[in-house]
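Structure record follows, encoded as structure tokens.
The values are calculated or read from the model by the stated rules, or taken from the named source; none is laboratory data. All values reported here derive from a predicted model rather than from experimental measurement. So basically every Cβ, Gly included, is an ideal-geometry build from the backbone, and we count neighbours across all protein chains shown. For the accessible areas, the whole protein counts, side chains as well, though only heavy atoms, and no ligand, DNA or RNA atoms are used. Shrake-Rupley method; radii C 1.70, N 1.55, O 1.52, S 1.80 Å.
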Amino acid sequence: MKKKMLFLMAAIALFVPSVMAAEAPTYDEENKALFANGTPVTVEARTDGVAGALVKWNGGEKLLPADNSVFGGSHDSAAKIDSTSVTVNGGTLHNVFGGGLHKSYVGTAVVTINGGTLTDVFGGGEGISYTKKATLIVNKSFTGNIAYATAGGANGYADEAYVELYGGNVRVLQAVNRGFINNSDMLVDGANVENAYVSSEGDNKKLGVTESASLTIKSGKVKNVAPGQSGNPGEKATTISSLLYKEGTVENISNDFDGDMVSEAVILTFNANGETETVAVPKGGSFTADEVTELTSELENALVGSGYKFVGFFKDDKFTTAFDLTKPINEDTTVFMKLEEVKNNTEVKNNDGKKAEDNPKTSDINLALILGMIALGGAGAFVSYKKKNSKANN
């Protein structure tokens, strides 16, 4: 849970190293690639009848042939890029990378796929690239086919990598391709996947995720799931590969998994004034008292300044019976969050003497962030829960 909470805070306050300002995108004909150099870009369909894509950014655009690729980062550059954003809404491209190519550095890379025709998509970079945090999101609106969906990069390195698959058909889902990642988390929630590897496709124990790799399957269909290659530059593999899946979502699970790290999931739905977020948790599992305390503290902090305070978790929408997250959860369950309005600013006067606005409606505050925090916490509870049970059974 602690690692998940740290990740959440990193998501709120983005990683900011000593960086150079983003440069305008550049085109490399030899590599058949556009390098965004940290400038946010969107990819759309061409309107001139030629197969390919139109890449647009604030102040410019570029037409690309269908066999080209787009990189969010740079190419063979010492520049430290704070963040990249590549959003694909349409068009046809070969590959899309959130990071750079060869020598390159990116702090936070985000690739979002809403549509289009693509061969491979990567949250990170290619070659000897480095990405501190890579995220790949394939939304429900995407209904096409992807050969490889990779959280990190190809031959590159990343500290953290994440995948969220809500739509589309993917032949191979993996954390990294021939490179290294410290930690990865992948989610399938509506997509169809042929082969999913919690770490990486293959059996080279010196490549893959070096610390922890997790895959959660909430909905959709996955035909085959395996831990895949995982290890570190040394000789001994140290990766913890965990699989959490909803009954009926997976056809075949490899025997190569450590049995203690595979669990059937139940869906926990958190409801805050009608807005909901779901998280998959191990059937029969529970949160520890320390995890509940930490989660409550983070929720309280997230609501500071919103005009509301977090009161507690309840079994019903009338908030009559408290919900104990430390008790085993054996079936799909809804937890109601009580948010109480803090009436401390309704009589405050603005500089013009007029009364300040009342507290915002709960729909106006960032409940998506708050509820998303719970989802992160639930995923993080999986590994610690399984570790505790594994030790207890020895």
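Counting only strands (runs of 3 or more DSSP E) wholly contained in segment 248-312, the ones carrying 1 or more residues that are touching a strand residue (DSSP E or B) at 6+ places or on another chain (Cβ under 6 Å) and in contact (Cβ under 8 Å) with a residue 40 or more places away in the chain occupy 262-272, 275-282. Residue pairs, Cβ under 6 Å, 6 or more apart or interchain, first in segment 158-174 and in contact (Cβ under 8 Å) with a residue 60 or more places away in the chain and farther than 17 Å from G144 by Cβ, second open to solvent by 10 Å² or more (accessible area, probe 1.4 Å) and assigned to a strand (DSSP E or B). List them. If the second residue must be open to solvent by 10 Å² or more (accessible area, probe 1.4 Å) and assigned to a strand (DSSP E or B), the pairs left are E160/K133; E160/N183.
The number of residues in segment 254-296 being of a type outside the set (K, R) and open to solvent by 50 Å² or more (accessible area, probe 1.4 Å) comes to 15. All told, A191 meets the bar of being buried (at least 24 other Cβ atoms within 10 Å of the Cβ) and modelled with pLDDT of 95 or more.
Among residues of segment 236-279 being out of contact with any Asp or Glu (no Cβ under 9 Å at 6 or more places or on another chain) and aliphatic (A, V, I, L, M), the one that is nearest to A175 (Cα to Cα) is L243. The residues listed here are G115, G90, G124; of these, the one that is outside any strand (DSSP E or B), surrounded by fewer than 24 Cβ atoms within 10 Å (Cβ to Cβ) and in contact (Cβ under 8 Å) with a residue 40 or more places away in the chain is G90. G99 satisfies every condition listed in (1) touching a strand residue (DSSP E or B) at 6+ places or on another chain (Cβ under 6 Å); (2) outside any strand (DSSP E or B); (3) more than 24 Å from G52 (Cβ to Cβ); (4) not aliphatic (A, V, I, L, M) except (3).
Residue-by-condition table, conditions (1) open to solvent by 30 Å² or more (accessible area, probe 1.4 Å); (2) under 20 Å from G116 (Cβ atoms); (3) out of contact with any Pro (no Cβ under 8 Å at 6 or more places or on another chain); (4) basic (K, R):
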residue	(1), (2), (3), (4)
K140	yes, yes, yes, yes
G144	no, yes, yes, no
G152	no, no, yes, no
A161	no, no, yes, no
L165	no, yes, yes, no
E201	yes, no, yes, no
